[in-house]
Amino acid sequence: MQRSRLPGKWMICGVTFFIAFCGFGTNGGQQSTRMWQMAEAQTLPSSVSMTWMSVTNWFFDMNGVKIVTDGFITRVPRDNGGAPFPPDAAAVQRVLDAIGGEVDVIVTGHSHGDHSFDTATWARLTGALVIGARSTCLQAMAQGIPESQCTSVEGGEFFDLGNGVAMRVVRWNHSGDINTPPGVRLQAPLELINPPVPDPVNGGLRPSFLTDFPNGGGARAFLFSIDHPERQLHVFFANTGNAGTFESPRNVDERFFEEHSSIPLDSNLEIVTDTISARAHLEAAMADAGIDSVDVWLGIGFGTTSGSSTNLARFAAHIIQPRAYIPHHWDDFRAPSFFDGLTRAWTNEGLAEFWTSMSVPFFIQGQYMDKYILEPSGITFDINADVKAALGLPDVAVIPMDTASRIEADEPECLCRHDINSQRPDLPDFSASR
Ligand SMILES: [Zn+2]
């Protein structure tokens, strides 16, 4: 790959292809192309599976390239307050063992505690490269991960992950209504300046403090393109987002932010404003990939009927044009243990109604480790019983009847003003990172 290193086996794989190509190449033009395609078809596994590991944590196996998104497995007690809390490395190891023990790349969509909290632990246990915001890399460095094992991205980067898998980074926005003080606090694109300082006693960072876990300058979404003998497959992953700043980013008044969040920006935090909208970033990535639709959009599912997930879907659906949608981040990331499995019932009828009205198949998970097989013809569900059994999870979660009444929206609702920028600044140039 161009921008970053992957473990040795992928380099070896690339060398194998190269040798095969060179060998056949001596036979002349037409034939060498045919032989090369045959060699490629025989060598590539050509399969895509996506396993939902709670919240916005996924395990992808894309043509044999193993990718974890976010990977938040530790559960922080509800009454933790702002106390430093160490990652549950044993829990991460148990999940890692259950999915086969190997990960090549960890992509982290943003740097809040319910997303990047265990990124460093996954990196340490697997040796995998981390790709994420600057804040994600600084958090990992604070936990002992070498700087060289994390590549910080701003959006507009192209990664060749090997085995016919490409990834484009899309600068994205964070959820929250910017018209309210809590919404500004949630959504302001905040980055760390230096690594946060772990607690000297337990080595933990403070999971619910923006001073340790800011969102990382909004968020990063990832567009995966996977070679397949029939046609290329495309998966879009975004772990947050909102409609209010999708069309045009809004500058955050630093004084307003400090007044309403009690967070000083002069210490180790800065607001990183982006002049390019999430929409423009998305359009640039899709144009670079040469597509006007994706096979599946893994997107947010929290909120209620008029909530932020549905609003964002309304704004972005006509650009992404997914053939299927799988919501995430609608479960309870504050449950006592990952190994309790899914403890919350799906209730976002607004989002379900939206996709139904668009005639887009919509999958709702029944348990952690539910698996989806993506093929050119569509998505097949796999109950993934062996992996669930290894984690002590029943195949389908048994959810208490009163769960629905206890659910509140995780994010404030969005007022969704449509101020579309008529003037577009320079778009990201994906070719710069090739
Ligand atoms: Zn967040």
What is the residue count in region 108-132 for residues that are within 15 Å of the ligand (Cβ to nearest atom) and more than 17 Å from Pro207 (Cα to Cα)?
-> 1
Could you identify the single residue in Leu374, Leu342 that is more than 20 Å from Gly241 (Cα to Cα), among the hydrophobic types (A, V, I, L, M, F, W, C) and in a loop (DSSP other than H, G, I, E, B)?
-> Leu342
Does Asn163 count as in contact with a helix residue (DSSP H, G or I) (Cβ under 7 Å, 6 or more places away or on another chain), in the same structural domain as Ala317 (by TED's automatic domain parsing) and under 30 Å from Glu254 (Cβ atoms)?
-> no
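Select, from Val95, Val130, the only residue that is in a helix (DSSP H, G or I), hydrophobic (A, V, I, L, M, F, W, C) and crowded, with 24+ Cβ neighbours inside 10 Å.
Of the residues listed, the single one that is in a helix (DSSP H, G or I), hydrophobic (A, V, I, L, M, F, W, C) and crowded, with 24+ Cβ neighbours inside 10 Å is Val95.
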Of all residues in region 215-233 being among the polar types (S, T, N, Q) and more than 16 Å from the ligand (Cβ to nearest atom), the one that is farthest from Asn268 (Cα to Cα) | Gln232
Contacts under 8 angstrom Cβ, first residue in region 95-119 being of a type in the set (D, E, K, R), partner in a loop (DSSP other than H, G, I, E, B) and within 11 Å of the ligand (Cβ to nearest atom), 6 or more apart = Asp114/Val55; Asp114/Phe72; Asp114/Phe333; Asp118/Phe72
Taking region 345-393 and keeping only residues that are over 22 Å from Ser309 (Cα atoms), in contact (Cβ under 8 Å) with a residue 60 or more places away in the chain and touching a helix residue (DSSP H, G or I) at 6+ places or on another chain (Cβ under 6 Å), one is left with Met369, Val387, Ala390, Leu391
Read through the list (1) surrounded by 22 or more Cβ atoms within 10 Å (Cβ to Cβ); (2) touching a Lys or Arg at 6+ places or on another chain (Cβ under 7 Å); (3) small (Gly, Ala, Ser), then give the number of the only condition that Gly341 fails.
-> (2)
So Phe85, is it touching a strand residue (DSSP E or B) at 6+ places or on another chain (Cβ under 8 Å) and over 22 Å from Val165 (Cβ atoms) | yes
How many of the residues in region 138-193 are at pLDDT 95 or above and either within 27 Å of Ser47 (Cβ to Cβ) or β-branched (Val, Ile, Thr) (or both)?
-> 18
Look at Arg323 and say whether it is basic (Lys, Arg) and either within 16 Å of the ligand (Cβ to nearest atom) or in contact (Cβ under 8 Å) with a residue 60 or more places away in the chain (or both).
-> no
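Conditions (1) touching a helix residue (DSSP H, G or I) at 6+ places or on another chain (Cβ under 8 Å); (2) surrounded by fewer than 14 Cβ atoms within 10 Å (Cβ to Cβ), marked per residue:
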{"residue": "Gly241", "(1), (2)": "yes, no"}
{"residue": "Phe256", "(1), (2)": "yes, yes"}
{"residue": "Ser261", "(1), (2)": "yes, no"}
{"residue": "Thr275", "(1), (2)": "no, yes"}
{"residue": "Asp288", "(1), (2)": "yes, no"}
{"residue": "Phe302", "(1), (2)": "yes, no"}
Is one or more of the residues making up region 310-331 within 26 Å of Asp160 (Cα to Cα), of a type in the set (Ser, Thr, Tyr) and not in a strand (DSSP E or B)?
-> no
Strands (runs of 3 or more DSSP E) wholly inside region 184-302 that include at least 2 residues being closer than 23 Å to Phe72 by Cα | 190-192, 219-226, 233-237, 296-300
Verdict on Ala39 being in a helix (DSSP H, G or I), modelled with pLDDT of 95 or more and of a type in the set (Gly, Ala, Ser) = no
Taking interchain pairs and intrachain pairs at least six residues apart, which have beta carbon atoms under 7 angstrom, with the first residue in region 164-182 and more than 16 Å from the ligand (Cβ to nearest atom) and the second at pLDDT 95 or above and polar (S, T, N, Q)?
-> Gly164/Asn63; Val165/Asn63; Ala166/Ser225
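The values are calculated or read from the model by the stated rules, or taken from the named source; none is laboratory data. Predicted model, so just to flag it, every value in this text is computed and none were measured. Neighbour counts run over all protein chains shown; Cβ positions are idealised from the backbone, glycine included.
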